[in-house]
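Enquirer: I am attaching a structure below and will ask some questions about it afterwards.
The values are calculated or read from the model by the stated rules, or taken from the named source; none is laboratory data. What you are looking at is a predicted structure, and each value in this text was computed from that prediction instead of being measured. Note that we place each Cβ from the backbone using ideal geometry, even for glycine, and neighbour counts take in every protein chain shown. Remember, those area values only see protein heavy atoms, side chains included, never the ligands or the DNA or RNA. Shrake-Rupley method; radii C 1.70, N 1.55, O 1.52, S 1.80 Å.
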Amino acid sequence: MNLKNIALILLIIAGSLMTFLIYDINDTENSLAESLTEKPMENAQTHLDGFFEPVEYILLTSKDHAMMGYFDSLNPLTMNTYFSPIINHFPQVSSMGLANTTGFEYDLIPSDSLWDHRIVHIDEWGSKEKWSKWQFDSLSQSWNMLKEWEGVVKNDPRDRPWFQGALAPRSTKIHWTDPYIYNTTFEVGMTASLNWNRPTDSLDHIMAFDLTLADVTTFTQQINVSENGKVFILTNDGKYVGLPKDKALNSKEDIQAALLKSPEEAGINEVADFYEKWLTELDESEKANEFYTEGAYWWGKIIKYPISKEDYFLVGVLVPETDILSDLQHSKRIIIGSFAFVLVLVAFLMYSYGQTRKANNALSIKHAEITQQKLIIEEKNQDIMGSILYAKRLQNAILPSITSIQACFPESFVFYRPKDVVAGDFYWMEKVGDVVYLAAADCTGHGVPGAMVSFVCSNALSKSLVEESVSDVGKLLDRTRELVINRFGKSQEQIRDGMDISLVAINLKTLEIQWAGANNPLWIIRKNPLKSEDPLQEIKADKQPIGKYAKANPFTTHQMKLSKGDTLYLFSDGFPDQFGGEKGKKYKSKVFKEFLLQIRSVDMPTQESEIEKEFEKWKGDFEQVDDVCVIGVRM
């Protein structure tokens, strides 16, 4: 083979290698952009959950009370006593009202520290409306009326969108209006309404809560994306309800003027350009995509956040490429420069066969070095794997055996699936007299670091209970937190590792339980629930970990009585957070609840088998993202 052919082959190889490397870096760009937009997207969804879900719970609870006759006799004392605490403690709720199909409407509206009452009854009074102003006297614990007056009705309540929307389906579904601007305060808001029928009359009744959306912009502007990143929220037809952080929005007046405007009308070009591209070119994709605007490349992602079955918000995240991808772009330039160097080298080889031989000799030496390094790496890898497998044996030794768990709870299972050889998740059990303490814990990280943290946390739990006899579960978590912080505090480095946990203490004779949780809840499926109860009862955990935390508070001990046949579920977040399905999304807690309710009638070994099948079916070809631990116990 002559020198020209050798040079041509080297040129083809170098070009192919450069193409592959650039393609691989482009793929890495996509993955990095996806991961960097995921966290702020989750933060925005969490804020929206915290904004809307409490209102739905309040509305459904108030409807149940209405069905029980709480509001059969409407008067200021009833309205003030029941609804003023709700409006006081939920800042997104600005006012509320009750109405029926006779044109009757009773509104409660806060006004500074006072409360305005407005009553309309179109069929009886015509266009007259009656007003009264009330104040609560904290010394006498009584309500005092300050004045009364009358006005003229501007709108029949039966013509309002919230009334017609709640009445139209004649169902138990909550109706959400489109966002609109209030006539009085000029703030952006929306109304949630729900209808019901009372057995005492044939009328349709509507209950409604008005929500101001000012807080939505507050948290979209506070979510940390990157130095110049943006988070925004739009209605389903592309109007702002949550504005991004931008230099064009310097004042409260600027923000107020931009709400319910389209991105193009508001003048934030990055959002307007990506929203238009998302609608017209990306087929409403929920993945991160690159786009060019204002002389620079950006990455953007938009997902749909459902408010009801029909309505949704659009949650978007934008990140300029210069904030997150500068190192990868630098690598691209190095690869291109290297290829240019190869071109020069190939030209030089065509003139100097002797240099080719030297290059081949150097290549042989380099190959020998690489082979030697490969052997060293393989040997070290064997040593590391041996150490990890021994660590697995040690970790298995601290886990209670399934036999010991089923000796206390014959109808039980533990579905335990580490992401790596060793895990940050662990399950724990101790028996003290007639009381069995059982927990599912999720330590920081996974693999070897997570397993090391799990040793510290498991030992702290056992020491607090067995050696120090701390039996109350809330105090047991308090003491465990102290031991974990003290253990990590001995290092000169700032270690904030710890764990989330769901811990229950069950009296085997009385079936009385205590429960406390750090970020992870307890789910109970009652064998014979009351008609007013949900089939699956969730006991929420304290929103703090076992470890260093800026606003640490004592953990709450929940006490309750179980009945034979009731089932408890303790778990880490690995199952709900697993990506999978057709769209590669998270499984989520809501779907997990529905699945457990579907299999609640079968025995516990079958439940474990069904949970394993569901996990594998959902995960499919996706990588397992975290350790998984699910414990089920039937009384």
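Enquirer: Of all the residues that make up the range 133-142, how many are open to solvent by 50 Å² or more (accessible area, probe 1.4 Å) and under 27 Å from Pro157 (Cα atoms)?
Expert: Looking only at that region, the number is 1.
Enquirer: If I ask for residues that are touching a helix residue (DSSP H, G or I) at 6+ places or on another chain (Cβ under 9 Å) and closer than 24 Å to Ser469 by Cβ, which ones from the range 514-543 would you list? Let's see the steps before the verdict.
Expert: Going through the range 514-543, the residues touching a helix residue (DSSP H, G or I) at 6+ places or on another chain (Cβ under 9 Å) turn out to be 514-518, 521, 523, 525, 532, 535-536, 538, 542.
Within the range 514-543, Gln514, Trp515, Ala516, Gly517, Ala518, Asp542 meet the criteria.
Enquirer: When you look at Glu533, is it open to solvent by 60 Å² or more (accessible area, probe 1.4 Å), more than 30 Å from Gly620 (Cβ to Cβ) and not hydroxyl-bearing (Ser, Thr, Tyr), yes or no?
Expert: Numbers: open to solvent by 60 Å² or more (accessible area, probe 1.4 Å): yes; more than 30 Å from Gly620 (Cβ to Cβ): yes; not hydroxyl-bearing (Ser, Thr, Tyr): yes.
For Glu533, the condition - open to solvent by 60 Å² or more (accessible area, probe 1.4 Å), more than 30 Å from Gly620 (Cβ to Cβ) and not hydroxyl-bearing (Ser, Thr, Tyr) - is met.
Enquirer: Among the strands (runs of 3 or more DSSP E) lying completely within the range 250-345, list those that include at least 1 residues that are exposed (fewer than 13 other Cβ atoms within 10 Å of the Cβ), modelled with pLDDT of 80 or more and of a type in the set (A, V, I, L, M, F, W, C).
Expert: 296-306
Enquirer: Given (1) touching a strand residue (DSSP E or B) at 6+ places or on another chain (Cβ under 8 Å); (2) open to solvent by 50 Å² or more (accessible area, probe 1.4 Å); (3) assigned to a helix (DSSP H, G or I), identify the lone condition not met by Lys130.
Expert: (3)
Enquirer: So, Thr46, is that one among the hydroxyl-bearing types (Ser, Thr, Tyr), modelled with pLDDT of 70 or more and open to solvent by less than 30 Å² (accessible area, probe 1.4 Å) or not? If you could, list the steps in order and put the result at the bottom.
Expert: Working: among the hydroxyl-bearing types (Ser, Thr, Tyr): yes; modelled with pLDDT of 70 or more: yes; open to solvent by less than 30 Å² (accessible area, probe 1.4 Å): no.
Here the answer is no, as Thr46 does not meet what is asked.
Enquirer: Only one of (1) among the small types (Gly, Ala, Ser); (2) more than 23 Å from Lys309 (Cβ to Cβ); (3) under 42 Å from the mean Cα position of the chain (by Cα) is not met by Ser132, so which one is it?
Expert: The number of the failed condition is (3).
Enquirer: Is one or more of the residues making up the range 542-556 under 18 Å from Trp515 (Cα atoms) and assigned to a strand (DSSP E or B)?
Expert: Residues of the range 542-556 that are under 18 Å from Trp515 (Cα atoms), as a first pass: 542-546, 553-556.
Then keep just the ones that are assigned to a strand (DSSP E or B); that gives 542, 546.
There is at least one residue in the range 542-556 that is under 18 Å from Trp515 (Cα atoms) and assigned to a strand (DSSP E or B).
Enquirer: Another question, if that's okay. Taking the condition of being open to solvent by 60 Å² or more (accessible area, probe 1.4 Å), assigned to a helix (DSSP H, G or I) and under 18 Å from Pro554 (Cβ atoms), how many residues in the range 444-474 meet it?
Expert: So the count comes out to 0.
Enquirer: Only residues that are at pLDDT 95 or above and among the polar types (S, T, N, Q): list them for the range 599-635, please.
Expert: Answer for the range 599-635, where residues must be at pLDDT 95 or above and among the polar types (S, T, N, Q): Thr606, Gln607, Ser609.
Enquirer: Among the residues that make up the range 556-567, is at least one of them surrounded by fewer than 14 Cβ atoms within 10 Å (Cβ to Cβ) and among the small types (Gly, Ala, Ser)?
Expert: Scanning the range 556-567 turns up at least one residue that is surrounded by fewer than 14 Cβ atoms within 10 Å (Cβ to Cβ) and among the small types (Gly, Ala, Ser).
Enquirer: Next up: Looking only at the range 199-233, which residues are in a strand (DSSP E or B), surrounded by 20 or more Cβ atoms within 10 Å (Cβ to Cβ) and either under 24 Å from the mean Cα position of the chain (by Cα) or among the β-branched types (Val, Ile, Thr) (or both)?
Expert: Ile206, Leu211, Lys230, Val231, Phe232, Ile233
Enquirer: Give the range 572-598 a look and list any residue that's charged (D, E, K, R), buried (at least 16 other Cβ atoms within 10 Å of the Cβ) and within 14 Å of the chain's Cα centre (by Cα), or say none.
Expert: Asp573, Lys586
Enquirer: Quick check, is Trp196 touching a residue at least 40 places away in the same chain (Cβ under 8 Å), among the hydrophobic types (A, V, I, L, M, F, W, C), under 30 Å from Ser111 (Cβ atoms) and crowded, with 22+ Cβ neighbours inside 10 Å? Full working, then the answer.
Expert: Values: touching a residue at least 40 places away in the same chain (Cβ under 8 Å): yes; among the hydrophobic types (A, V, I, L, M, F, W, C): yes; under 30 Å from Ser111 (Cβ atoms): yes; crowded, with 22+ Cβ neighbours inside 10 Å: no.
Judged against the criteria, Trp196 is not a match.
Enquirer: Turning to a different aspect of this structure: Out of (1) open to solvent by 60 Å² or more (accessible area, probe 1.4 Å); (2) aliphatic (A, V, I, L, M); (3) touching a strand residue (DSSP E or B) at 6+ places or on another chain (Cβ under 8 Å), the odd one out for Val120 is which?
Expert: Failed condition: (1).
Enquirer: Within the range 53-72, track down each residue that is buried (at least 17 other Cβ atoms within 10 Å of the Cβ) and farther than 16 Å from Leu203 by Cα.
Expert: Result: Val55, Ile58, Leu59, Ser62.
Enquirer: I've got another one for you. Give me the pairs, please: first residue somewhere in the range 459-486 and closer than 10 Å to Gly547 by Cα, second residue anywhere and charged (D, E, K, R) and open to solvent by 10 Å² or more (accessible area, probe 1.4 Å), beta-carbon distance under 8 Å, and either six or more positions apart or on two chains.
Expert: The qualifying pairs are Leu483/Lys463; Ile485/Lys548.
Enquirer: Still on this structure: Give me the pairs, please: first residue somewhere in the range 113-128 and among the hydroxyl-bearing types (Ser, Thr, Tyr), second residue anywhere and part of a strand (DSSP E or B) and open to solvent by 40 Å² or more (accessible area, probe 1.4 Å), beta-carbon distance under 9 Å, and either six or more positions apart or on two chains.
Expert: Correct list of pairs: Ser113/Gln135; Ser113/Phe136; Ser127/Val152.
Enquirer: Next question. Is there a residue being within 21 Å of Tyr82 (Cα to Cα), outside any loop (DSSP other than H, G, I, E, B) and not basic (Lys, Arg) anywhere in the range 178-192?
Expert: Yes.
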